[in-house]
1. Checking Glu74 against (1) out of contact with any Pro (no Cβ under 9 Å at 6 or more places or on another chain); (2) within 16 Å of the ligand (Cβ to nearest atom); (3) open to solvent by 20 Å² or more (accessible area, probe 1.4 Å), only one condition comes out false. Which one?
2. Conditions: (1) out of contact with any strand residue (DSSP E or B) (no Cβ under 7 Å at 6 or more places or on another chain); (2) open to solvent by less than 10 Å² (accessible area, probe 1.4 Å). Lys110 meets all but one. Number of the miss?
3. Only one of Ser190, Ser207 is within 13 Å of Leu132 (Cα to Cα) and either of a type outside the set (Ser, Thr, Tyr) or away from the ligand (no atom under 16 Å from the Cβ) (or both). Can you tell me which?
4. Out of all the residues in the stretch 208-228, which are touching a helix residue (DSSP H, G or I) at 6+ places or on another chain (Cβ under 9 Å) and not hydrophobic (A, V, I, L, M, F, W, C)?
5. Just the residues that are within 16 Å of the ligand (Cβ to nearest atom), over 13 Å from Gln63 (Cβ atoms) and in contact with a helix residue (DSSP H, G or I) (Cβ under 7 Å, 6 or more places away or on another chain), please, taken from the stretch 85-112.
6. Would you tally the residues in the stretch 77-107 being in contact with a strand residue (DSSP E or B) (Cβ under 6 Å, 6 or more places away or on another chain), over 16 Å from Arg226 (Cα atoms) and open to solvent by 10 Å² or more (accessible area, probe 1.4 Å)?
Amino acid sequence: MLTEDEIRLNLQEVEQNIVKAAQKVGRKRSEIKLISVSKNNTADVLESAYNCGVRVFGENRVQELVGKMDYFEEKGIKDIEWHLIGHLQTNKVKYIIGRVAMIHSVDSEKLAKAIDDESAKKGAITDVLVELNIGDEDSKFGLGFDNTLEFIEKIAGFKNIRVKGLMCVAPYTDDPEENRQYFSKMKKLSVDIRDKNIDNITMCELSMGMTGDYMVAIEEGATCVRVGTGIFGKRDYSIR
Ligand SMILES: *Cc1c(COP(=O)(O)O)cnc(C)c1O
């Protein structure tokens, strides 16, 4: 696990890279949100990141997310935005509604309905993204490219969720340029869907790009990049 100083240095490097990528294509830094992906790091590591100025965290497992939200809440720290970026089971929805800023991983009508129902129950409106399996990989969750518009039209009627855009986890690769094609397809699809002016669908967010490829993702239009390893170092999977 990294020290606070190491995390601070990593954050500076990521920040510089984001600025560089944005400048390259004439975008503003303010159009891009950096989500620090803190999964598999203990709460005190997140606190180090918080001390370095991080206010937006992404987690992929509900139990771990809730534990960390409770940790900060008990300390009276309230200015953190939490993002659920991993696969979500419908029976766990109830633990996070009203507590997370956005759910990035809506991939079925059943899940959208569960989020809508629970949000209605809590008097909340929940911002969500629709997850695509853009590389068409067997190992990944998410909708197919060709089914996404139809899916979004179906869930547009849910009154207690707001569909803000699309999310993807691109294939793992050592050469980020290989993923440019996928990011550009995501951008094109999001513009196509936005142009349909579907009620309740804004398509203003594109969550794509991780440690290996966030600069390319920004060049292709990402509004949220999810960076884990680049900030917190290599994950230790023995910690849960
Ligand atoms: C772990 C994870 C990330 C961050 O991955 P890194 O390669 O460590 O930056 C981003 N998005 C999702 C959905 C993840 O599960």
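The values are calculated or read from the model by the stated rules, or taken from the named source; none is laboratory data. Keep in mind that this is a model prediction, so the values were computed, not measured. Note: ideal-geometry Cβ built from the backbone for every residue, glycine included; neighbour counts use all protein chains shown. Surface accessibility is based on the protein's heavy atoms, side chains included, excluding ligands, DNA and RNA. Shrake-Rupley method; radii C 1.70, N 1.55, O 1.52, S 1.80 Å.
1. Of everything listed in (1) out of contact with any Pro (no Cβ under 9 Å at 6 or more places or on another chain); (2) within 16 Å of the ligand (Cβ to nearest atom); (3) open to solvent by 20 Å² or more (accessible area, probe 1.4 Å), Glu74 misses just condition (2).
2. Going through the list (1) out of contact with any strand residue (DSSP E or B) (no Cβ under 7 Å at 6 or more places or on another chain); (2) open to solvent by less than 10 Å² (accessible area, probe 1.4 Å), Lys110 breaks only (2).
3. Ser190
4. Result: Gly209, Thr211, Gly212, Asp213, Tyr214, Glu219, Glu220, Gly221, Thr223, Arg226.
5. Ile103, Val106, Leu111 - these are the residues of the stretch 85-112 that are within 16 Å of the ligand (Cβ to nearest atom), over 13 Å from Gln63 (Cβ atoms) and in contact with a helix residue (DSSP H, G or I) (Cβ under 7 Å, 6 or more places away or on another chain).
6. Here the count works out to 1.
The rows are residues; the columns are (1) touching a residue at least 40 places away in the same chain (Cβ under 8 Å); (2) of a type in the set (D, E, K, R); (3) crowded, with 22+ Cβ neighbours inside 10 Å.
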{"site": "Ala156", "(1), (2), (3)": "yes, no, no"}
{"site": "Val169", "(1), (2), (3)": "yes, no, yes"}
{"site": "Glu178", "(1), (2), (3)": "no, yes, no"}
{"site": "Ser184", "(1), (2), (3)": "no, no, no"}
{"site": "Ile201", "(1), (2), (3)": "yes, no, no"}
{"site": "Tyr214", "(1), (2), (3)": "yes, no, yes"}
{"site": "Cys224", "(1), (2), (3)": "yes, no, yes"}
{"site": "Arg235", "(1), (2), (3)": "yes, yes, no"}
